[in-house]
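Since the structure comes first, as structure tokens, the remarks are kept for the end.
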Amino acid sequence: MTARTETLLGFLALADRLKTVERRGRVVLPDGTTRRENSAEHCWHLALMAVLLHREIGFSVDLARVLMMVALHDLVEIEAGDTFAYDPAGRATQAAREAAAADIVFGALPADLAPALRALWEEFEAGETPEARFAMACDRTQGFLQNILSDGEAWRAHGVSRGATLGRMDAARAVDPVFETLIATLYARAAAGGMLAGDAA
């Protein structure tokens with residue numbers, strides 16, 4: 001086995017740990033109970049959303065580039081952990097923790113791959129290209145949808161209000177009218193179910 005093969009397999013083994021990083025969102029099981037979603041499941045659902053929506057939006061994106069970003073965007077959580085979107089203290093240190101984690105995670109790649117893959121992660125984080133903006137909107141919509149699918153269980157547990165969600169979701173809504181429609185529909189479902197603090201059931 002060559003050193004490169006060892007390095008590639010080592011990186012894939014490291015990436016496999018994303019399956020152990022739990023998010024606050026809940027997954028509903030066939031018996032009606034729930035468990036926490038993991039970050040790898042989130043990435044799969046997000047990738048599927050991108051595949052479904054990339055031709056629905058009013059601007060062009062390179063789907064392959066979007067999917068590469070989706071596959072990479074949460075790998076830093078292997079070292080930094082998942083930061084709950086509605087935890088101000090966690091959000092205050094998130095960028096620094098994730099940058100340090102990126103050094104470790106992307107540093108495990110072969111030297112010729114590391115800069116390009118880290119650059120894709122940084123592109124996603126910056127959110128300035130069409131692909132990054134689309135991927136961000138899908139990312140935030142997936143998290144919101146996951147809460148709807150589990151009847152707002154995580155929101156209820158943490159007392160998350162509609163107002164607390166607006167900053168994150170308004171940024172996604174602004175990306176394209178498709179996201180405006182999807183997210184407005186999800187907000188209506190949240191309101192109907194009394195899922196966000198202050199919503200009437």
| Expressed in whole Å with the largest first, what are the equivalent ellipsoid semi-axes of the chain derived from the C-alpha gyration tensor as the square root of 5 times each eigenvalue? | 30, 20, 15
| Which of G81, H158, A40, positive extreme of dipole for the chain (C-beta unit charges) | H158
| With +1 on each Lys and Arg Cβ and -1 on each Asp and Glu Cβ, how big is the dipole of the chain about its Cα centre, in debye rounded to the nearest 20? | 440 debye
| query | Along the Cα-to-C-beta direction of A3, a point sits 7 Å from the Cα; which residues of the stretch 89-119 have their amide N less than 17 Å from that point? | reply | 107-114
| Filtered trypsin sites (Lys or Arg not before Pro), the stretch 37-109: DSSP coil and at most 12 other beta carbons within 10 Å | R55
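Since every read-out is calculated from the coordinates, none of them should be taken as a lab result. Treat the numbers as computed from the prediction; the structure is a model and nothing was measured. For neighbour counting, all protein chains shown are included, and Cβ atoms are generated from backbone atoms with ideal geometry for every residue, glycine included.
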